[in-house]
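Contents: one structure, followed by commentary.
The values are calculated or read from the model by the stated rules, or taken from the named source; none is laboratory data. These numbers come from a predicted model, not from an experiment. In this analysis, Cβ positions are derived from the backbone assuming ideal geometry, glycine residues included, and neighbour counts consider all displayed protein chains.
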Amino acid sequence: MALPVKIDLLWSTIALLLTLTSGPSAASAGELGEPTGEVILTISGSIKNTNNNTGVAEFDLPMLEALAHASLVTTTPWTVGPTAFEGVAITDLLAAVGASGSAMTVTALNDYIATVPVADAQSGAILAYRINGAYFSIREKGPLWLMYPFDTLPQLRREEIYARSVWQIRKIDITAK
């Protein structure tokens, strides 16, 4: 008599695993909505999911907010005391566009460029669009800032990683470097 219960439990477990591994949203399946507001981020390069006829993925703020929310609190060389950052995990952003490269060329509004290994996403890095609960203005290093959990992983506190913490991000190009 215990066999049917075990089979039901097995099927329930399989269904749960399939749900968990099917991805965070329709975007990961190749469908990206189109921005209806001002485009604040363009992702290009080695990506599968685009939303215009030029082969790039464009995001307005509501599209980024629709992705899985991520947050961290950390001290940085550029802020005073522990600071709360909210945005989207880099892992989720890369999944949404179907990225397959090993490096990101991150470009700021002032044309500052940093090459960031895709592996940095595993550190818990986020693309922040809020600081201490408020949206970033351009004057405050917005609209987007690549932020690392410096307090959680003290080994990130070094110049190489600080140089990758690009603010005023406008574009990310995924490459196979």
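Some values worked out for this structure:
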read-out	value
Residue count for segment 65-92, restricted to those that are touching a helix residue (DSSP H, G or I) at 6+ places or on another chain (Cβ under 8 Å) and farther than 22 Å from Pro154 by Cβ	3
Scan of segment 43-69 for residues that are surrounded by 16 or more Cβ atoms within 10 Å (Cβ to Cβ), out of contact with any Ser or Thr (no Cβ under 8 Å at 6 or more places or on another chain) and not in a loop (DSSP other than H, G, I, E, B), ordered by number	Ile43, Ser44, Leu61, Met63, Leu64
Hits in segment 136-145 (condition: outside any loop (DSSP other than H, G, I, E, B) and in contact with a strand residue (DSSP E or B) (Cβ under 6 Å, 6 or more places away or on another chain))	Trp145
Failed criterion for Ala128 (all others in (1) in contact with a Gly (Cβ under 9 Å, 6 or more places away or on another chain); (2) assigned to a helix (DSSP H, G or I) hold)	(2)
Residue in segment 107-115 that is surrounded by 13 or more Cβ atoms within 10 Å (Cβ to Cβ), in contact with a helix residue (DSSP H, G or I) (Cβ under 9 Å, 6 or more places away or on another chain) and under 19 Å from Asp60 (Cβ atoms) present	yes
Any chance Thr152 is in a loop (DSSP other than H, G, I, E, B), farther than 25 Å from Ala66 by Cα, among the hydroxyl-bearing types (Ser, Thr, Tyr) and in contact with a helix residue (DSSP H, G or I) (Cβ under 9 Å, 6 or more places away or on another chain)	yes
Residue in segment 103-116 that is at pLDDT below 95 and of a type outside the set (Asp, Glu) present	no
